[in-house]
Amino acid sequence: MGERLKETAKRPRADALRNRERLLEAAKAVFSAGGPNTSLEAVARHAGVGIGTLYRHFPTREALFEAVYRYEVEHLVGLAEQLRTDAAPVDALRRWMRAVVEFVATKKGMSAALALAAKAPPDLFAYSFDSLTWAVGALLRRAVEAGEVRADISPEDLLRTLFGICYTHDQPDWQDKVLRLAEVFVDGLCRPSSGNP
């Protein structure tokens, strides 16, 4: 009985988990729109919680940035798994790449702070690249096996191309331009249908 009480005490309460999730979603939205200097009060307000609740979950700005970053990477990995069963191969690739552009928007808003965060683990960016490479690799393999895209591009090449397109655009409306270029890129990967010349 004592052991069961200890286990229950260690598990976060459901409302605490909900608050953490709301804070991460709010931080993603606020950082994407306002950049790294956006106040933590704005994040708490957006999440509908008090600033004390934010600090209980994330004692520093850097801790919040890192948590949002990891949360977004995990979301993209989960999305790739879902799209493998819910969407046609090329459509799955397109939808996942759109989600990556949204991730980069969040990352751009936090990049300066992440770079300066002394407590951020040095493997944070390696972790994200490895996870995203695995995720897009599964989608790419599926499209290749279906005969819908060419087989001579690696998951790493696809990711580097997409990130390169994102980071060479810094105008206010950069996301729309990048999404259009990502569409062109996917079209270039597609094999012509048998009826085409």
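Quick notes
Conditions (1) at pLDDT 90 or above; (2) at positive phi; (3) assigned to a helix (DSSP H, G or I), marked per residue:
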position: 92; (1), (2), (3): yes, no, yes
position: 122; (1), (2), (3): no, no, no
position: 131; (1), (2), (3): yes, no, yes
position: 134; (1), (2), (3): yes, no, yes
position: 176; (1), (2), (3): no, no, yes
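- Answer from 160, 180 - the residue that is at pLDDT 90 or above, over 18 Å from the mean Cα position of the chain (by Cα) and assigned to a helix (DSSP H, G or I): 180
- The selection criterion, being at pLDDT below 80, under 30 Å from residue 123 (Cβ atoms) and among the hydrophobic types (A, V, I, L, M, F, W, C), does not hold for residue 9.
- Of the criteria (1) free of Cβ contacts under 8 Å to residues at least 12 places away in the same chain; (2) surrounded by 15 or more Cβ atoms within 10 Å (Cβ to Cβ); (3) more than 15 Å from residue 98 (Cβ to Cβ), which one residue 153 fails: (1)
- Exclusive hit being in contact with an Asp or Glu (Cβ under 7 Å, 6 or more places away or on another chain) and either assigned by TED's automatic domain parsing to the domain that holds residue 171 or at pLDDT 95 or above (or both), set 113, 80: 113
Residues are listed down the side, and each one gets a yes or a no for (1) surrounded by fewer than 17 Cβ atoms within 10 Å (Cβ to Cβ); (2) assigned to a loop (DSSP other than H, G, I, E, B); (3) at pLDDT below 90:
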{"residue": "25", "(1), (2), (3)": "yes, no, no"}
{"residue": "28", "(1), (2), (3)": "no, no, yes"}
{"residue": "45", "(1), (2), (3)": "yes, no, no"}
{"residue": "54", "(1), (2), (3)": "no, no, no"}
{"residue": "63", "(1), (2), (3)": "yes, no, yes"}
{"residue": "75", "(1), (2), (3)": "yes, no, no"}
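- Scan of segment 171-197 for residues that are in contact (Cβ under 8 Å) with a residue 12 or more places away in the chain, within 22 Å of residue 108 (Cβ to Cβ) and charged (D, E, K, R), ordered by number: 183
The values are calculated or read from the model by the stated rules, or taken from the named source; none is laboratory data. The structure displayed is predicted, hence computed values, not measured ones. Positions of Cβ are backbone-derived with ideal geometry, glycine not excepted, and every protein chain shown enters the neighbour counts.
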